[in-house]
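The values are calculated or read from the model by the stated rules, or taken from the named source; none is laboratory data. Model, not experiment: these values are computed from the prediction. A quick note on method: Cβ atoms are made from the backbone with ideal geometry, for glycine too, and the neighbour counts reach across all protein chains shown.
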Amino acid sequence: MTRQLFILLILSAAVFATTQNCVAQTQTAPPAPHDHSHMAKTPEASSQAQKYFTDVELINQDGKKVHFYSDVLKGKTVIVNAFFTSCTSVCPPMNRNMEKIQEVLGDRVGRDVFLVSMTVDPETDTPARMKEYAQKFHAGPGWIFLTGKKENLDWALYKLGQYVEQKDDHKTIFIIGNEPTGLWKIAFGMANVAELVQVVESVVNDKGATR
């Protein structure tokens with residue numbers, strides 16, 4: 001495995017509060033959403049995971065409203081990256097890697113693994129623009145592109161340690177997480193695809209019992 005592919009545990013089901021404190025120390029927090037859609041509203045929604053990630057409303061490339069925890073993360077293994085459609089430097093190779101991962105995993109995408117690409121430029125990246133961008137990378141079922149209100153998107157990115165004040169400062173990493181078991185790893189988004197798939201497989205196959 002190359003030195004560029006740093007694999008770090010960043011979250012655990014038992015340490016959401018600790019992780020949140022660590023994130024707060026390493027990035028400036030955005031304003032909290034005004035509509036309070038991030039708040040848990042039912043007993044089922046009050047899990048540690050939802051309390052940490054929150055349930056802000058976002059919009060996918062088809063213009064459909066989704067909730068960050070309930071619809072995007074809950075019960076899933078996900079690969080998440082941050083990007084913006086007008087980026088011409090690191091975003092295209094990162095999303096090409098997402099496309100290659102989609103090709104390698106085949107019909108497991110949308111079943112065992114879900115790909116999530118989140119814009120850091122929601123003012124520009126409308127659902128229609130995101131859909132056009134998704135088509136360039138042959139995104140199939142199981143690969144979602146997220147935009148929405150800036151305050152909501154910033155909050156969701158913050159919870160992943162990905163919030164930036166300037167869009168060009170976004171990180172070039174993939175966040176790979178198994179929400180049911182609480183195992184989360186990060187990997188360099190432009191690493192060798194075979195190595196990235198190894199990390200994905202390790203997260204997908206996690207049973208949670210030995211940690």
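For segment 150-181, give me the residue count where each residue is assigned to a loop (DSSP other than H, G, I, E, B) and closer than 15 Å to residue 80 by Cα. Reasoning before the result, please.
Step one: list which residues in segment 150-181 are assigned to a loop (DSSP other than H, G, I, E, B), which gives 160-166, 170-172, 179-181.
Okay, now just the ones that are also closer than 15 Å to residue 80 by Cα, so 160-163, 170-172, 179.
Here the count works out to 8.
Taken over segment 161-206, the residue count meeting the criterion of being within 13 Å of the chain's Cα centre (by Cα) and β-branched (Val, Ile, Thr) is 5. Whenever a residue of segment 121-141 is at positive phi and in contact (Cβ under 8 Å) with a residue 24 or more places away in the chain, its partners that are not in a loop (DSSP other than H, G, I, E, B) and not hydroxyl-bearing (Ser, Thr, Tyr), lying with C-beta atoms within less than 9 angstrom and at least six residues away or across chains, give the pairs 138/99; 138/102; 138/103. Considering only residues that are within 12 Å of the chain's Cα centre (by Cα) and touching a residue at least 60 places away in the same chain (Cβ under 8 Å), look in segment 54-73 and name the one that is surrounded by the fewest Cβ atoms within 10 Å (Cβ to Cβ). Among residues in segment 54-73 that are within 12 Å of the chain's Cα centre (by Cα) and touching a residue at least 60 places away in the same chain (Cβ under 8 Å), the one surrounded by the fewest Cβ atoms within 10 Å (Cβ to Cβ) is 72. Residue 93 falls short on exactly one of the conditions (1) at pLDDT 95 or above; (2) of a type outside the set (A, V, I, L, M); (3) crowded, with 18+ Cβ neighbours inside 10 Å; (4) in a helix (DSSP H, G or I), and that condition is (3).
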